[in-house]
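Notes follow once the structure below has been shown.
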Amino acid sequence: MNSISIGGVTIEKTAALAPMASVADRAYRALCKENGAAYMVSEMISAKGLCYSDRKTEELCTVLESERPYALQLFGEDPHFIAEAAKRLMEYRPDIIDINMGCPVPKVAGNGAGSALMKNPELAAEIVRAASEAVPVPVTAKIRKGWDENHVNAVELAKALEQAGAAAIAVHGRTKNQMYHGKADWDIIRQVKETVKIPVIGNGDVTSPETAAALYRETGCDLVMIGRGSYGKPWIFGQVKHYLETGEMLPEPSLEKRLEMMCRQVELAVQYKGERIGMSEARRQCAYYLKGMQGAAALRNKCGKLSSLADLRELCSEVVKNCNE
Ligand SMILES: Cc1cc2nc3c(=O)[nH]c(=O)nc-3n(C[C@H](O)[C@H](O)[C@H](O)COP(=O)(O)O)c2cc1C
């Protein structure tokens, strides 16, 4: 097996699932793992929320044994809270603690956390140092290209974080100002890889086995991380793995198989979060799975009204009926 080591944690060198708040929850991750995701990172968890024992935060920290190797991701701007939160996370037995240094949303960046740490490399390094000293597991960071095109500093920041004890760096090749728009700059990932000795995880715009292989080839990164390219298609991880190992493309799964995975994900979400929350989140998740299918507009409309597992079964029957027409 072709693998990498992040501070002693062995990870298969295929494709990892990117952390995605309110999308890549436990149910989503279960499907990605079953389909071969090499490594996964939790939704971001507020360091302060954890220290004040916020109940919603608890749900975010719970990870299954079957998800290993996995990281729990913290966000915050205060090294003391980060260190304390990292210690508390040990109760959930993560393999790795990751620090979010890329989130652009005002609620996070406006408070000096997430991508705002890119504007303050000394504080970012202090945060990594504090977390590394607080816990026995490797600490990593996920950064962006920079704050904006006039402040591109991923290389300098990665160097500072490595010196502060980071065991790996994930680089999303967009600036904070780009949010999730425009093309990701893979060259910045290559530059970071050429600068630091620790593993570099490349991220941005991987949507297929070919783009995953291209990101490895063009940047020399140690691991590829897929975010939105996995929406409604957890099987992408199996396709990437197969392609990297054999050079062959696996076909898309059959309609039955796709619907089966969709239902399993929703059932798990309902099991973990209850029917009301699970079904309301299923509206968006099912729309991803059904994108591009026969009668997509009407199906999307139906997805928007899902409120029970019975509705979900009815939706599946309609999809099958449409495809047989
Ligand atoms: C809905 C959504 C939620 C995200 N939440 C997080 C998060 O909690 N932590 C994080 O580090 N990045 C988060 N990201 C950024 C992704 O991990 C990833 O860097 C970004 O989507 C680019 O990769 P992609 O082009 O493969 O989607 C999020 C992205 C999206 C679209």
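The values are calculated or read from the model by the stated rules, or taken from the named source; none is laboratory data. Computed from a predicted structure; not experimentally measured. Every residue, glycine as well, gets a Cβ built from its backbone with ideal geometry; the counts of neighbours run over all protein chains shown.
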Just a yes or no: is a residue in the range 164-185 part of a helix (DSSP H, G or I), touching a Ser or Thr at 6+ places or on another chain (Cβ under 9 Å) and aliphatic (A, V, I, L, M)?
no
Assigned to a strand (DSSP E or B) and within 16 Å of the ligand (Cβ to nearest atom): which single residue out of ILE97, ILE4, ILE11 fits that description?
ILE97
Need pairs with beta-carbon distance below 7 Å; first residue in contact (Cβ under 8 Å) with a residue 24 or more places away in the chain and aliphatic (A, V, I, L, M) and within the range 13-27, second more than 10 Å from the ligand (Cβ to nearest atom) and part of a loop (DSSP other than H, G, I, E, B); sequence gap 6+ or separate chains.
ALA15/ALA37; ALA15/ALA38; ALA16/ALA37; ALA16/ALA38; ALA16/TYR39; LEU17/ALA37
Is the range 212-221 home to any residue that is within 12 Å of the ligand (Cβ to nearest atom) and over 29 Å from ALA86 (Cα atoms)?
yes
Are any residues in the range 157-184 in contact with a Gly (Cβ under 9 Å, 6 or more places away or on another chain), within 11 Å of the ligand (Cβ to nearest atom) and of a type outside the set (Gly, Ala, Ser), and if so, which ones?
VAL171, HIS172, ARG174, TYR180, LYS183
Residue tally, condition among the small types (Gly, Ala, Ser) and either assigned to a strand (DSSP E or B) or surrounded by fewer than 19 Cβ atoms within 10 Å (Cβ to Cβ) (or both), over the range 32-74
6
Is it the case, given these coordinates, that GLY232 is assigned to a helix (DSSP H, G or I), buried (at least 16 other Cβ atoms within 10 Å of the Cβ) and small (Gly, Ala, Ser)?
no
If you check LYS257 against the conditions, is it part of a loop (DSSP other than H, G, I, E, B), out of contact with any strand residue (DSSP E or B) (no Cβ under 7 Å at 6 or more places or on another chain) and at pLDDT 95 or above?
no
Test set (1) farther than 25 Å from GLY278 by Cα; (2) at pLDDT 95 or above - CYS51 fails condition number
(2)
Residue match in the range 172-181 (condition: in contact (Cβ under 8 Å) with a residue 60 or more places away in the chain and within 25 Å of ILE11 (Cβ to Cβ))
yes
Which is modelled with pLDDT of 95 or more and either over 19 Å from the mean Cα position of the chain (by Cα) or not in a helix (DSSP H, G or I) (or both), of LEU268, LEU244, LEU299?
LEU244
Just checking, does the range 201-215 include any residue being of a type in the set (Val, Ile, Thr), part of a loop (DSSP other than H, G, I, E, B) and buried (at least 17 other Cβ atoms within 10 Å of the Cβ)?
yes
